[in-house]
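Working notes, structure below.
The values are calculated or read from the model by the stated rules, or taken from the named source; none is laboratory data. Just so we're clear, the structure is a prediction, and the values are computed from it rather than from any experiment. Methodologically, a virtual Cβ is constructed for each residue, glycine included, from the backbone with ideal geometry; neighbour enumeration extends over all protein chains shown. Please note that ligands, DNA and RNA were not included when accessible areas were found on the heavy atoms of the full protein model with its side chains. Shrake-Rupley method; radii C 1.70, N 1.55, O 1.52, S 1.80 Å.
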Amino acid sequence: MFKFKKEEKTDLKLPIGEEEILLARQTLQKYKRDKTNLEQKIISNEDWWKLRHWETMRKDKNEYSPASAWLWNVIVSKHAETMDSYPEPIILPRMPDDSEEAKKLSSVVPLILEQNDFESVYSDVQWYKLKQGTGAYGIFWDVGKNGGLGDISIKKVDILSLFWEGGVNDIQDSKNLFYVNLCDNDTLVSLYPELSGRMGSDATEIAKYRYDDNVDVSGKSAVVDWYYKKTVNQRTVLHYCKFVGDTLLFSTENLPDQYPNGWYDHGLYPFVFDPLFSIEGTPCGYGYIDIAKDTQMQIDLLSRSIVNNAMLASKPRYFIRGDGSVNEEEFADWTKDFVHTNGNLAKDSILQIEVNPINSIYVNILNHKIDEIKETLGNRDSANGGINSGVTAASAIAALQEAGSKLSRDSTRAAYRAYRLVIIQCVELIRQFYDFPRFFRIIGKTGENEFTSYSNKGITIRSQGESFGVDMGMRLPLFDIEINAQKCNPYSKMSQNELALQFYNLGFFEVDRAQSALACLEMMDFAHKDSVVARITGNYEKKRKSELSRAVLPAKRVTLPKEASAVERARAVSAEGVIP
């Protein structure tokens, strides 16, 4: 946490004061009440993820409660598929004059992501999305980075810490947005001495998960980051305010000279939501646990019944008459070879309790429920590498996996859309704050290190000059963001390699077959198709140029001696461009 510049006291009433903070706290409490059901669902889903769902289902804590991991396996499998398609940004210009800046940004933005360990952030957000139905990114300008120079910070955000207006589908449509975090009171007082003796019990603002460890929040207070939007001259301005309890710590609206355009020039809340399955009336969606937890519960209940039946049948129990003559201690001790009795042993003195085995129909029901989870959530065996039909070719395995991963591809596309919004905010923060050059090490195409500096000089608002004596006004360079998968999974690579070998064996790269090969490729669609077409076309053009150059060259005349043999004359005739 970094300390903001303390506001100077003035006799004029500031836009944000104690009264506005009180109203903001009331709005925060309303948003929290509206979000109660979502918070309860998130906490419950986390218990399901930890296989602790029996703690809310069973009445007797000592009751045997097996927890199978079919639903857990779905989430793990989906996350693996998501990380196989980890994205990378390609920044494209909208006008030819911005091509050079777009090329630089395409190299610089991935390095900024790498400095934020974004792959780990992306992984955490996808875990949260698959479990809770929605992942969230926070894209901030961190003034403490790079020794006070500042830089972009990208983090995973817990939905329990965010509060927005109920009923909106897009988080950007909310009138206010609150981001609440707990901080040690001692740290807060050291940064803001005016908080001494004014700490409240705001730690209860945030709903808490059911942790395995004892988490003590008695010495912490809730620090509220309040974002809100206002329209100024038909332009949306984002303002930012920080407060603890009733104490104001910072407000951009109280410092109009320092923040004439609000907190961020892009006017967006610095958060991006990535829902899995969207729901109307909320920016959050629902996840795989919400869909299949009832089926998982039925699987666990059936499993418990089957296991209990097996345990009862595998351990014999007996009826023994109270006036019987059997020595019960010796009978219960299986290490003894002899069991003594008093008098005659009647047939009804001891009788084994029979346990009827469970009907096989219930085992079939259990298997059907397991298949239901696989089919409903698209977690078939082929998606996890289980091929039972004797398929061994890499291309065939990849085809089966692709056919069985439609749900994952759709989820990945949605993740790319959220990722694109993250990159857009990163570019806008670069445009606003990169006043001084930052230095980056870029790995060139041949693997060498290239050191470059970058600032916002080329992407800030610029004059378009004059045309026929008329001022063309100002222009802000804008860019389009294209998202590609950075990595391919191993089966996709094997399939690609196998396709290349098939092209080679079929003679696609033979110059004489170039025309037919190009006609075949025109009907195909695969990765890096353009480079293959360019290579075949280039080889064909080289041959054509070579043939044309030989056709226009004058024929060489070679004088052969009269005594030259017929073989020597034939060789001279067959020699290229030689007339004997």
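Applying the set (1) aliphatic (A, V, I, L, M); (2) in a strand (DSSP E or B); (3) surrounded by fewer than 18 Cβ atoms within 10 Å (Cβ to Cβ) to L111 leaves exactly one unmet item: (2). In region 329-354, the residues that are at positive phi reach residues that are surrounded by 11 or more Cβ atoms within 10 Å (Cβ to Cβ) with C-beta atoms within less than 8 angstrom, at least six apart or across chains, in these pairs: G343/S325. Applying a threshold of 6 Å to beta carbon distances and a minimum spacing of six or more residues, or different chains, the list of pairs starting in region 268-279 at a residue that is on the phi < 0 side of the Ramachandran plot and ending at one that is part of a strand (DSSP E or B) and open to solvent by 20 Å² or more (accessible area, probe 1.4 Å) reads P270/F140; F277/Y286. Kindly establish whether E114 is at negative phi, charged (D, E, K, R) and free of Cβ contacts under 8 Å to residues at least 12 places away in the same chain. For E114, the condition - at negative phi, charged (D, E, K, R) and free of Cβ contacts under 8 Å to residues at least 12 places away in the same chain - is met.
Could you tell me whether D274 is in a helix (DSSP H, G or I), within 30 Å of K129 (Cβ to Cβ), at pLDDT 90 or above and open to solvent by less than 40 Å² (accessible area, probe 1.4 Å)? For D274, the condition - in a helix (DSSP H, G or I), within 30 Å of K129 (Cβ to Cβ), at pLDDT 90 or above and open to solvent by less than 40 Å² (accessible area, probe 1.4 Å) - is not met.
Would you confirm, using the coordinates I've provided, whether D225 is in contact with a Phe, Trp or Tyr (Cβ under 6 Å, 6 or more places away or on another chain) and acidic (D, E)? When the stated conditions are applied, D225 passes them. If I filter region 291-314 for residues that are more than 44 Å from the chain's Cα centre (by Cα), at negative phi, part of a loop (DSSP other than H, G, I, E, B) and surrounded by fewer than 16 Cβ atoms within 10 Å (Cβ to Cβ), do I get at least one hit? So far as region 291-314 goes, no, none of its residues is more than 44 Å from the chain's Cα centre (by Cα), at negative phi, part of a loop (DSSP other than H, G, I, E, B) and surrounded by fewer than 16 Cβ atoms within 10 Å (Cβ to Cβ). Residues that are modelled with pLDDT of 90 or more and among the charged types (D, E, K, R) within region 68-87 comprise just one, K78.
For region 143-179, a tally of residues being free of Cβ contacts under 8 Å to residues at least 40 places away in the same chain and either within 17 Å of C426 (Cα to Cα) or within 22 Å of the chain's Cα centre (by Cα) (or both) returns 5. Please list, ordered by first then second residue, the pairs with beta carbon atoms under 9 Å, 6 or more apart or interchain, first in region 117-140 and at positive phi, second open to solvent by 10 Å² or more (accessible area, probe 1.4 Å) and not in a helix (DSSP H, G or I). As it stands, the answer is G133/P275; G133/L276; G133/F277; G133/I279; G133/Y286, since those pairs meet every condition given. P15 fulfils the conditions (1) over 27 Å from the mean Cα position of the chain (by Cα); (2) at pLDDT below 75 except for a single criterion, (2). For region 513-539, a tally of residues being assigned to a helix (DSSP H, G or I) and at pLDDT below 80 returns 3.
The condition of being in contact (Cβ under 8 Å) with a residue 24 or more places away in the chain and part of a loop (DSSP other than H, G, I, E, B) holds for T282. In summary, N359 fulfils each of the numbered conditions (1) more than 21 Å from D290 (Cβ to Cβ); (2) under 22 Å from the mean Cα position of the chain (by Cα); (3) modelled with pLDDT of 85 or more with the single exception of condition (2). The sole residue among D300, D265 that is touching a residue at least 24 places away in the same chain (Cβ under 8 Å), out of contact with any strand residue (DSSP E or B) (no Cβ under 9 Å at 6 or more places or on another chain) and acidic (D, E) is D300. Here the condition is being in a loop (DSSP other than H, G, I, E, B) and surrounded by 10 or more Cβ atoms within 10 Å (Cβ to Cβ); of I358, I365, I370, it holds for I358 alone. Of the set (1) open to solvent by 10 Å² or more (accessible area, probe 1.4 Å); (2) modelled with pLDDT under 95, all apply to V121 but (2). Out of Y31, Y64, Y128, Y122, one residue alone is of a type in the set (F, W, Y) and in a loop (DSSP other than H, G, I, E, B). It is Y64. Among the numbered criteria (1) at pLDDT 85 or above; (2) crowded, with 19+ Cβ neighbours inside 10 Å; (3) within 16 Å of T27 (Cα to Cα), which one does E205 miss? Exception for E205: condition (1).
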